[in-house]
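Below you'll find the structure, written out as C-alpha cells, and then a few comments.
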Amino acid sequence: MQLNLKNPIVFFDLETTGVNIATDRIVEIAILKVHVNGSEEVKTYRVNPEMPIPKSSSLIHGIYDEDVKDAPVFKSIAKELARFMEGCDIGGYNSNKFDIPLIAEEFIRADVDFEIRKRHFIDVQTIFHKMEKRTLEAAYKFYCGKELKDAHSAEADTRATFEVLKAQLDHYKELKNDVAFLSEFSSFNRNVDLAGRIVYNDKDEEVFNFGKYRGVKVTDVLEKDPGYYGWMMNGDFPLYTKKVLTNIKLRQFNQK
C-alpha cells in the first residue's frame with residue numbers, strides 16, 4: 001500500500017555515539033524523502049561527532065573513530081539537512097523517543113532553526129509494539145517476509161522502516177492511510193518537549209512528567225518553586241526541553 005500523503009515525509013535513522021539525547025552525537029544519518037507523488041530521494045552522511053565513539057557503540061553500528069575523522073561535523077551540514085527536511089512530516093523507528101529529540105539537539109547546537117512542532121511524527125516502532133511488540137528485524141520479516149541484511153546500517157534500517165510502515169497499512173485494516181492518524185496512533189504521550197519531560201494533561205495543560213512534580217502544572221511549579229527552573233536549566237536535560245521550559249516561563253511572565 002502506498003502512503004496517502006498531503007506533505008512529503010522523511011524517514012530517517014541515526015547511528016550515534018550512545019543513547020543519551022543530551023550528550024551523545026550523530027555519527028551517521030540516512031534520510032529517505034518520499035514526495036507526495038511517490039518519488040523518493042535518499043541522502044546518507046557520515047558525521048564527525050567531535051568526540052570519541054565508545055567501543056560498545058562501534059560494535060553495534062560498525063562505525064569507528066577512524067571512519068569519521070575526515071567526515072564533516074554536523075554544524076557544516078545542518079542547513080542542508082534542514083532544507084531537505086523542510087515542510088516534511090517525519091517518520092522513523094523509535095524516532096519519537098530517540099532520533100527526533102537527538103537531531104533537534106544537534107540543530108540547536110548548530111544554531112539552525114528547525115521547526116518541528118507543526119509536523120506529524122510517525123513512529124513505526126510504536127505501531128509495531130502496539131500490534132506485535134518486537135524488533136525492527138522481526139518487524140521486517142513479519143510484515144515484509146524478508147530478512148533484514150546490514151541491520152544497524154543507517155540506510156538499511158531507514159529503508160526497512162519505510163517498507164514496514166507500508167506493509168502495516170496493508171496488514172491492519174484499522175489503520176488509516178493518513179499521516180495525521182498515524183502520527184497520533186504512534187504516540188504514547190502528548191509531549192510538549194521531544195523527550196517527554198513535559199506533557200499535556202487531559203485539560204491540555206503543560207505538566208511535568210517526571211520527578212517530584214510529576215503530574216503538576218509547569219506554571220504552578222514555576223510560581224511556587226522558582227528554583228526548580230534554575231535546577232533544570234543547569235541540569236543534564238536536553239536543550240530542547242530547556243527551550244520549551246523557558247518559553248513557558250516567558251509566556252507566564254508576559255501574562256502578568
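Derivation of every value follows stated rules applied to the coordinates shown; laboratory data play no part. It should be emphasised that the depicted structure is a prediction, and the values quoted were computed from it without experimental measurement. Using ideal geometry, Cβ is built from the backbone for each residue, glycine included, and neighbour counts are taken over all protein chains shown.
Calculated from the structure at hand, Rg and Dmax of the Cα atoms in Å is found among (i) 17.3, 51; (ii) 18.9, 59; (iii) 26.0, 86 as (ii). For the chain, relative contact order (Cα pairs under 8 Å, six or more residues apart, normalised by length) works out to 19 percent.
Working note: Karplus 6.51/-1.76/1.60 with θ = phi - 60° gives the range 218-224 the couplings 4, 5, 5, 5, 4, 6, 8 Hz, where Gly and Pro are set to x. By other beta-carbon atoms within 10 Å, ranking Met131, Met1, Met232, Met85 with the fewest at the front produces Met1, Met131, Met232, Met85. Near Met233, once Lys and Arg are set to +1 and Asp and Glu to -1 for all other residues with Cβ below 13 Å from its Cβ, the sum equals +3.
A straight Cα-to-Cα reach below 30 Å connects Lys217 with the lysines Lys97, Lys118, Lys130, Lys203, Lys242, Lys243, Lys249, Lys256, residues fewer than 8 places away in its own chain not being considered. Among 197-209, 218-230, 149-161, sorting by the average number of other beta carbon atoms lying within 10 angstrom of each residue, highest first, gives 149-161, 197-209, 218-230.
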